[in-house]
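Below is one structure, written out as structure tokens; the observations come after it.
The values are calculated or read from the model by the stated rules, or taken from the named source; none is laboratory data. For clarity, every value in this text was computed on a predicted model and none was experimentally measured. Cβ sites come from the backbone with ideal geometry, for glycine too, and all protein chains shown count toward neighbours.
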Amino acid sequence: MTDSLLNDRDLKFQLYEVLDIEALLERPRYAEHDRAVFDSVLDTAHDLAKHYFAPHNQKGDAEEPVFEDGRVRLIPETKTAWDAFADAGFLAAHHDAEDGGMQLPEVVLRACMAYFNAANVSTTAYPFLTIGAANLVKSFAAPELRERFLPPMMDGRFSGTMALTEPGQGSALGDIRTTAKPAEDGSYRLFGQKMFISGGDHELTENIVHMVLARIEGAPAGAKGISLFLVPKVLVNSDGELGARNDVALAGLLHKMGYRNTTSTVLSFGEGDGAVGYLVGKPHHGLAYMFQMMNEARIGVGLGAATLAYQSYVHALSYARERPQGRLPSSKDPLSKQVRIIQHADVRRLLLMQKAYAEGSLSLCLYATSLAEDARTAPDPEQARQAGELLDLLTPMVKSYPSRYGVIASDLAIQVLGGAGYTREYLLEQFYRDNRLNPIHEGTEGIQAIDLLGRKLGRAVAKATHCS
Amino acid sequence: MKILVAVKRVVDYNVRIRVKADQTGVETANVKMSMNPFDEIALEEAVRIKEAGKADEVVVVSIGPSQAQETIRTGLAMGGDRGILVEADPDLEPLTVAKLLKAVVEKESPDLLILGKQAIDDDSNQTGQMLGELLGWPQGTFASKVELGDSEVSVTREIDGGAETLALNMPAVITTDLRLNEPRYAKLPNIMKAKKKPLDTLTPGDLGVDTAHRLKVVKVEEPPKRKGGAKVGSVQELVEKLRNEAKVI
């Protein structure tokens, strides 16, 4: 058994040598930073991941969340991990200084998330989703709404979710049926059911902010009639105090193959008078807003898959270096010492395949994040535009490649351990089950293919034709 | 009330130590370095005393190469107020370190000096004791509990027979044991703030201390590999093996 999550040297090679993130220090936004700060932040992520996230990875899998008396019970280590993450400032790290953040470059935050994912991907899902939901609030919510909900999502009092999928439709979001009725006070009342909502209920935080897609009564059909709403689990008064429980109920938990410590929920909105929701941005533009979160989440899923692949590889490598078995073909003496299995050609092949998938995927995801960084903060507008377009084109692959080949890496890692890899005494079978989710959520592989071929390439070709 | 904490930059406790090929020491090139864990405990204790309103300033001192600045910055991110680096060879002997710290103490006049009981690289466990003697201050080593009074400090020490509690007049030297506290992790905003805290650099020359080695390292090597154990069938067999094989009785 190894206690290594990610190799610091490998990660720093990606950040400093491949991506040259020190060049970011020249941008005014990052003038206050230096490499020592980045290193300290990464070290802190590694330490917290190891101390608060890794130790309960297996326990969270074995003792999955339970729904009883209308409440969700998680193993208590999840709450300790959440608190450590929030308390250290990771939920707020990339936000603007004026909002209370430290303006950490996104690519450094992603690298930090790689440590947390490697340690415990299902507990990390709670902060991961909260960061994404907070970004949506920050980007698109009206100032009053933002002031009420963003600070507690940055300090860890509130968590967040993305509530898109319904029992009848997930991949085809244009068909969603949750409806929003305008109320007299300018807010809306939501009615409908959402399904597979990760982190949709738990007691890690005093409130949960659901970012919900719904259709305002009378809206046009299809994707152009979808709006985005902020729906809190508990209502929040204008002074920030918690009010009554909103009309959002947990209808049940789904029982998953992996990622078990992340609750996957069925949520009912408006079983009574309707769930109070606040429109985010303009009516009927919800899907476009949600795509910001989804695109971030897609890079995040790629990274989660890459780190699970990397973890599988690290564990298999450590086992192969220690486990003696058999002799090399050149050895004819049956009484000679057995060799470590890493010396066998086929085991080396298995390991090298994993290494290629894992490190290649990690590199791809960090590269994509650096494009997102450039799109946002590159001083040259042309460079920013190009980075944005390239990221747009690559996102379906950044999501799909690590998801598909990460599972294969986890599969090969089990193969290295043989029978031992198939037992629950080792983490490999859990990594495989956890990683099997990644080709499915945040747009299945097929959806990514449609996005790439149907939308992104078509657009790029049209543009190239137009230019020439 | 001012507290001085000494911290050492050492090979990270997770790293598997390797002896250099030429047997002159342990490999430190391309190896992760971090703050000595006992010193983290020392710093945590100082910061807690300050947070309880019983101290005004925590000064973090390190003696080592220029990279030890990073170790001091970590200490400042954990709650130290300012840092002092005495830039010197990383392999100084405990007596030299004690003399350098004594010179820093004379400049700074702290009321309390807290150190880790030992550094995990050479495990000498000497600096604190030597420093107490050089300064003529009382010392409470292997502290598992520290309670600050008005002019004295009560230190519960871990000793062979259990624990003993001493009352020391201040100024005093305390060295920390593992059970004293659980050190905090630096929060990200504090990592940023630490950059702006003052950090002075001195040299042994500034402090008038000769750092020449007085001990000679003959050879560094790995301890012999442990041999597997064996079960014995009876007490007689055990005694027989202890006498004839192990030759210890």
Checklist entry - Taking region A:18-51 only, how many residues are out of contact with any Ser or Thr (no Cβ under 9 Å at 6 or more places or on another chain), within 14 Å of chain B (Cβ to nearest Cβ) and hydrophobic (A, V, I, L, M, F, W, C)? => result 9
Next on the checklist: Suppose we keep only residues that are over 36 Å from the mean Cα position of the chain (by Cα) and of a type in the set (A, V, I, L, M, F, W, C) within region A:311-344. Which one would you say is surrounded by the most Cβ atoms within 10 Å (Cβ to Cβ)?
Outcome noted: A:339
Checklist entry - Among A:388, A:406, which is surrounded by fewer than 17 Cβ atoms within 10 Å (Cβ to Cβ), assigned to a helix (DSSP H, G or I) and on the phi < 0 side of the Ramachandran plot? => result A:388
Checklist entry - If you go through region B:214-248, how many residues are surrounded by 10 or more Cβ atoms within 10 Å (Cβ to Cβ) and either in contact with an Asp or Glu (Cβ under 6 Å, 6 or more places away or on another chain) or among the aliphatic types (A, V, I, L, M) (or both)? => result 6
Next on the checklist: Can you pull out every residue in region A:138-169 that is β-branched (Val, Ile, Thr) and surrounded by fewer than 23 Cβ atoms within 10 Å (Cβ to Cβ)?
Outcome noted: A:165
Checklist outcome for this item: Of the residues in region B:53-75, those that are away from chain A (no Cβ under 14 Å) and touching a residue at least 40 places away in the same chain (Cβ under 8 Å) come to B:54, B:55, B:56, B:57, B:58, B:59, B:60, B:61, B:62, B:63, B:64, B:65
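Here is a yes/no grid of residues against (1) modelled with pLDDT of 90 or more; (2) within 30 Å of residue A:104 (Cβ to Cβ):
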{"site": "B:143", "(1), (2)": "yes, no"}
{"site": "B:150", "(1), (2)": "no, no"}
{"site": "B:157", "(1), (2)": "yes, no"}
{"site": "B:182", "(1), (2)": "yes, yes"}
{"site": "B:191", "(1), (2)": "yes, yes"}
{"site": "B:198", "(1), (2)": "yes, yes"}
{"site": "B:229", "(1), (2)": "no, no"}
{"site": "B:238", "(1), (2)": "yes, no"}
Item to check | Scan of region A:319-350 for residues that are of a type in the set (Ser, Thr, Tyr) and modelled with pLDDT under 95, ordered by number | outcome: A:330, A:331, A:336
Next on the checklist: Exactly one of these conditions fails for residue A:101: (1) surrounded by fewer than 23 Cβ atoms within 10 Å (Cβ to Cβ); (2) in contact (Cβ under 8 Å) with a residue 12 or more places away in the chain; (3) not in a loop (DSSP other than H, G, I, E, B). Give me its number.
Outcome noted: (3)
Checklist entry - Taking residue A:8, is it within 13 Å of another protein chain (Cβ to nearest Cβ) and touching a strand residue (DSSP E or B) at 6+ places or on another chain (Cβ under 9 Å)? => result no
Checklist entry - Across region A:221-267, what is the total count of residues that are without any contact (Cβ under 8 Å) to a residue 12 or more places away in the chain and not small (Gly, Ala, Ser)? => result 3
Checklist entry - Can you name every residue in region A:322-369 that is hydroxyl-bearing (Ser, Thr, Tyr) and either in contact with an Asp or Glu (Cβ under 7 Å, 6 or more places away or on another chain) or on the phi > 0 side of the Ramachandran plot (or both)? => result A:369
Checklist entry - Does any residue of region B:121-128 turn out to be crowded, with 20+ Cβ neighbours inside 10 Å, among the hydroxyl-bearing types (Ser, Thr, Tyr) and over 27 Å from residue A:12 (Cα atoms)? => result yes
Next on the checklist: Checking the structure you have, find out if any residue of region B:176-186 is at negative phi and in contact with a Gly (Cβ under 7 Å, 6 or more places away or on another chain).
Outcome noted: yes
Item to check | Test for residue B:197: is it within 14 Å of chain A (Cβ to nearest Cβ), touching a helix residue (DSSP H, G or I) at 6+ places or on another chain (Cβ under 7 Å), surrounded by fewer than 20 Cβ atoms within 10 Å (Cβ to Cβ) and not hydroxyl-bearing (Ser, Thr, Tyr) | outcome: yes
Checklist entry - For residues in region A:52-98 being more than 13 Å from every other protein chain (Cβ to nearest Cβ), farther than 14 Å from residue A:159 by Cβ and in contact with a His (Cβ under 8 Å, 6 or more places away or on another chain), which is surrounded by the most Cβ atoms within 10 Å (Cβ to Cβ)? => result A:65
Checklist entry - Any idea which of A:300, A:258 is surrounded by 22 or more Cβ atoms within 10 Å (Cβ to Cβ), of a type in the set (Gly, Ala, Ser) and closer than 16 Å to residue A:441 by Cα? => result A:300
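Any residue in region B:171-183 that is surrounded by 12 or more Cβ atoms within 10 Å (Cβ to Cβ), closer than 23 Å to residue B:114 by Cα, within 14 Å of chain A (Cβ to nearest Cβ) and not hydrophobic (A, V, I, L, M, F, W, C)?
Taking every residue of region B:171-183 in turn, at least one turns out to be surrounded by 12 or more Cβ atoms within 10 Å (Cβ to Cβ), closer than 23 Å to residue B:114 by Cα, within 14 Å of chain A (Cβ to nearest Cβ) and not hydrophobic (A, V, I, L, M, F, W, C).
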Checklist entry - Quick one: would you say residue A:372 is crowded, with 23+ Cβ neighbours inside 10 Å and either assigned by TED's automatic domain parsing to the domain that holds residue A:458 or among the polar types (S, T, N, Q) (or both)? => result no
Next on the checklist: Going residue by residue through region A:95-103, is there one that turns out to be over 28 Å from residue B:194 (Cβ atoms) and out of contact with any Pro (no Cβ under 9 Å at 6 or more places or on another chain)?
Outcome noted: no
